[in-house]
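The values are calculated or read from the model by the stated rules, or taken from the named source; none is laboratory data. Note that this is a predicted model, so its numbers are computed, not measured. We place every Cβ from the backbone using ideal geometry, glycine too, and count neighbours over all the protein chains shown.
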Amino acid sequence: MTACTSVVGLQWGDEAKGKIVDLLTPDHDLVVRYNGGPNAGHTVVCDGQSFKLSLIPTGILRPNVQAVVANGVVVYPPKFLEEGAGLRAKGIKVGNNLILSDQAHVIFPYHLEEESLREKAQGQSIGTTGRGIGPCYQEKVGRHLAIRVGELLDPDHLRRRLREIVPIKNRLLRGLSAETRSFDADSLSEEYAALGQQLRPHVADTVRLLHEAYARGRRILFEGAQGTLLDVDHGTFPFVTSSSSSTTGIWSGSGFPARRLTRIVGVIKAYSTRVGQGPFPTELHDAVGEHIRQTGKEYGTVTGRPRRCGWFDAVAVRHAVMVSGADELAIMLLDVLSDLDEIRICTAYQYEGCRTEHFPPFAHQLERCKPIYETLPGWKCDISGCRSLEQLPAAARTYLERIQTLLGLPIRIVSIGPDREQTIFC
Ligand code: IMP
């Protein structure tokens, strides 16, 4: 059977999926992004060089791999082109190995403006990345005001569409705030038609491309952005992103049947983090939380915001394992916990006086859940040079075994540092 792999985050994003995608890419021919947009930030360190990718799939870093941005992604063309140019400047080939779906939806400056006004105006801020993701997906689902990449390639059509859309957007924006910027349809259509010309060499029907590649026995890796707990349907709604960031997004976001996946690698951090608002039962507000933030360099790749840090939450991750159908685990940043005297794992919640092992579907319920912890001894030594499970201290192995038992899945990869070499395959 042809290898079709999914790499998916099982927490609130930032699980260091980029490193796992990079490690698994040599066994694949195509790497596909199917959800999210420039809100994602994937950092990969290779040969001492650090690459920060946002819209372009991590597979671009490997020769002979096609990097595909599929229809489920929302694209901000200036960012896409800027990222491509940045990679070229570092000696990475970016040409016909980078393919962008003609059906991906386009982010316009009025989406960024709308998001900024909504986040300020509404009582309940989501703490978004401010990249226009929500407004662009709203347009997609609302249908009337959406524009897809393929439409940028026809300047007359684009001008007609923007002349219809922009006055409506201007009125909507004025309804949100009198202070809003106002947009001009003709200058936007000129700007985006020019961007379309630059995108043109990359644009293709990626649904057909994926199916033809599969028929030829090409191996495909799906690179999830964000994490399952940020999924618009299955995450901590409304404190989620606007796309299907679990494996459920693969089918709709790429047109490739997810039942053909042969391997689903769920990526977890050895602890928990989240950025933005929303419930986080195991969050630490003390020196341990600060220690994890500093040691793990837990600052957003896209926004630079400090990430909220806390203990590993097995209740939340069990929910994510279920939704994303993970069949094995990669555990990341285990080395970050090395200095701690003891390490905690949340195994259940206390909710309204009762113990529960279930993840509640409403944010206001999760807000009231108190974590029930199990405490394990720390290992108190540097593990970043370990290259096999046997070399890990006994306490670190016990921690991994406990997580495997709680999640009912084998850990196949342990990451103990950012470099490709700092990885243990189990
Ligand atoms: P949006 O995706 O910009 O709309 O943001 C919605 C929520 O998802 C916010 O809490 C963001 O901080 C979070 N989020 C979006 N993208 C990422 C990511 O790549 N990593 C972690 N959190 C993210």
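In this structure, Ala320 does not satisfy being crowded, with 18+ Cβ neighbours inside 10 Å, more than 16 Å from the ligand (Cβ to nearest atom) and under 16 Å from Leu230 (Cβ atoms).
Counting only helices (runs of 4 or more DSSP H) that sit wholly inside the range 184-277, those with at least 1 residues that are within 16 Å of the ligand (Cβ to nearest atom) are 248-254. Of everything listed in (1) modelled with pLDDT of 95 or more; (2) among the aliphatic types (A, V, I, L, M); (3) within 29 Å of the chain's Cα centre (by Cα), the single unmet condition for Ala185 is (3). Among the residues of the range 343-371, those that are under 22 Å from Thr398 (Cα atoms) and out of contact with any Cys (no Cβ under 7 Å at 6 or more places or on another chain) comprise Ile343, Arg344, Ile345, Cys346, Thr347, Ala348, Glu357. None of Leu112, Leu162 is at pLDDT 95 or above and touching a Ser or Thr at 6+ places or on another chain (Cβ under 6 Å) except Leu162. Only one entry in Arg259, Arg307, Arg263, Arg293 is among the basic types (Lys, Arg), without any contact (Cβ under 8 Å) to a residue 12 or more places away in the chain and farther than 20 Å from Gly134 by Cα, namely Arg259.
Looking at this structure, is Arg308 buried (at least 18 other Cβ atoms within 10 Å of the Cβ), within 13 Å of the ligand (Cβ to nearest atom), of a type in the set (D, E, K, R) and within 15 Å of the chain's Cα centre (by Cα)? The answer is no for Arg308. The residue of the range 19-50 that is nearest to the ligand (Cβ to nearest atom), among those that are assigned to a strand (DSSP E or B) and over 24 Å from Leu329 (Cα atoms), is Ser50.
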